Amino acid sequence: MIPIKKSNLKSLLIIVIFLLILNGIGNFFFHRFDLTNDKRYTLSETSLNIIKQVKNPLSVKIYMQGELPAEFRRLQLETRQLLEEFQAFNSNIVFEFVDPLEDKETSMDNIKALYQKGLTPINITVDDKGKQSQAMVFPWAIAIYDNKEVNIPLLKNIMGASTTEKVIGSVQHLEYSIADAINKITVEKQKKIAVLKGNGELEDIFIAKFLLQVKESYHIGPFTLDSVAKSPMGSLEALEKYDLAIIAKPTETFTESEKQVLDQYIINGGKTLWLIDQVAVEMDSLYNNSGATLAYPRDLNLNDMLFKYGVRINPDIVKDEQGSPIKLATGEQGSATQYQDFNWKFAPQVYPESNHPIVKHLGGIKFDFANPIDTLKNGIKKTVLLHSSQYSKKIGTPAEINLNIVSEETSPNHYINTGFMPMAVLMEGSFRSAFQNRVLAFDQKSFKDQGNENKMIVISDGDLIRNQLDKDYQPVELGFDQRSGNLYDNKDFLLNCVNYLLDDTGLINIRSKDLDLPLLDKEKVYKNYTVIQLITIGLPIVILTLFGFLFTYIRKRKYSK
């Protein structure tokens, strides 16, 4: 038996005491280390502030468990690790993963229950070394807090993207999705949004999906300008109780008194989101025997007002080679009508190029008969959020719009120095009144020529906020085009606009967080399947075996003497 030296005991005792002291200090200090290059698991300051607001137990149930395709196992892992970060900062947050398809006897009931909550599954094709199979996945979670619950979408629908690309985009938005959901059910609504009525704006059913989404975070109320004729000052005082006014596709002329109310609302700090059509033309008008309709300028009496603020919406239509698909009848085969996809150039499909948080990481956004915007020099900061492609130009009105344009042949020479026309502009600064040095429409003792710092967004297409209706006259998802089956990012863009105007910039910054998520290239894996198997499975075994033999050999040499 080898005797134990006193020096060894002393060293051991010192190590034990050091570890106990270190553990004691660790109980008073909390820190988590994120070793990823993109700091994927380092929660933003906004998320940490939201987590602090959770005073009672908050339960998150994630419906991604069981046999999942490889890409969704990655999404599941990223979701778990991110929720662990949330839980580490606040133990009131608990979560569990649930497989709604685990029990075959109750799976159909579970699917129906999730459908009723708005949690729709996706069916994907799983390709395993050439063998294809179908799988149903629920990329959703539900957060419950104080008898309130909110759905959390875990998979971002990216038009035209592969499943792998969708997962990468979803991980990019994961922290935003979870933090936004927690914020919705833990924070009392404070800010108010007015949806203006009285000048032929879109009916509620056509903006229902937008209103339902915004309603989760803000108070919303309709505000009619009809009362301005009888009590302009009363209307102004009532409007000033709202933080943001949304003007969604007005079709009737604004009176001078109504303009003064809106102007002074802006000068006194009210935020505005303008969605204006300067040309009267509707897609539905084209579906007639001639396949044509007339587009003509619309006089809303807002030109001088917007001009003073710094923009001009021209009464022209943007024609863009980067259009959206449209199905048109091309003939009949037997008793069935044959349809074919065409490029509809009057519905530009815009992909944001700006790095501004409002549009960063957004996919395609669909316009319909948009108008070009001119920006004017007046001291107001202007940021072009969305613009047409390089191969676009404006068509003056009045003009005939005909479906036959889909067969038009063009070349790049037709678009020399005509493209990149602004269609959504953010303006920030101290706005000057449109009624400065003018006769007022009504007496106002509190009239101001210029206001403090403010911001507004002008979009030259009222249909950007419009959701389509299905056969039962029910609204479909905002951004979903029934004619092509594509889902565009119109909703996310408009929500970002609202968040930014109402100074909820923290959540927008989370959404625009940059992540680098490397995933395996399936085609390369299948092509070199045997080699990759040998490297990932065989090589570690060989290394361990060699290490074992070497260790045994050295040990025998050492103790055989």
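The values are calculated or read from the model by the stated rules, or taken from the named source; none is laboratory data. Values in this document were obtained by computation on a predicted structure and should not be read as measured data. Here the Cβ positions follow ideal geometry from the backbone for every residue, glycine too, while neighbour counts run over all protein chains shown. Calculation scope for accessible area: heavy atoms of the full protein, side chains included, ligands and nucleic acids excluded. Shrake-Rupley method; radii C 1.70, N 1.55, O 1.52, S 1.80 Å.
The C-alpha atoms of the chain define a longest principal axis, and helix 6-28 lies at about 20 degrees to it.
Based only on Cα atoms, what mean projected area does the convex hull of the range 258-298 have, in nm²?
Result: 3.9 nm².
Here's the picture: charge each Lys and Arg Cβ at +1 and each Asp and Glu Cβ at -1 in the chain, and of 158, 50, 11 the one pushed furthest to the positive end of that dipole is 11. Against the chain, whose longest principal axis is taken from its Cα atoms, helix 174-186 shows a tilt of about 70°. The percentage of C-alpha pairs in the chain whose separation is greater than 45 Å is 31%. Rg and Dmax, both from the Cα atoms of the range 135-235 and both in Å, are 18.8, 62. What base-10 log of the normalised intensity I(q)/I(0) is obtained for the range 377-497 from the Debye formula, alpha carbons as equal point scatterers, at q = 0.14, 0.17 Å⁻¹? So the normalised log intensities are -0.95, -1.13. Computed from the alpha carbon positions, the gyration tensor of the range 69-209 leads to an equivalent ellipsoid with semi-axes of 30, 22, 17 Å, biggest first. At 37 °C and a viscosity of 0.692 mPa s, what translational diffusion coefficient does Stokes-Einstein give for the range 317-385, taking Rh as the Kirkwood radius over Cα pairs? Give it in µm²/s as a whole number. Translational D for this selection: 221 µm²/s. Note on residue 421: accessible area approximately 20 square angstrom, rounded to 10, probe 1.4 Å, nucleic acids and ligands left out.
The accessible surface of the chain, taken with every protein chain in place and a 1.4 Å probe, is 53 percent carbon and sulfur.
Rounded to the nearest 20, the size of the Cβ-charge dipole of the range 81-204 about its Cα centre is 400 debye, with Lys and Arg at +1 and Asp and Glu at -1.
Its DSSP H runs of at least 4 residues, each contributing -39,500 (n - 2.57), put the calculated 222 nm mean residue ellipticity of the chain at -9500 deg cm²/dmol, to the nearest 500. Translational diffusion coefficient of the range 203-242 (Stokes-Einstein, Kirkwood radius from Cα pairs, 20 °C, 1.002 mPa s): 183 µm²/s. Considering only Cα atoms, the convex hull volume of the range 43-104 works out to 79 Å³ per residue.
With only Lys, Arg, Asp and Glu charged, each at its Cβ (+1 for the first two, -1 for the last two), find how big the charge dipole of the chain is about the Cα centre; round to the nearest 20 debye.
3300 debye
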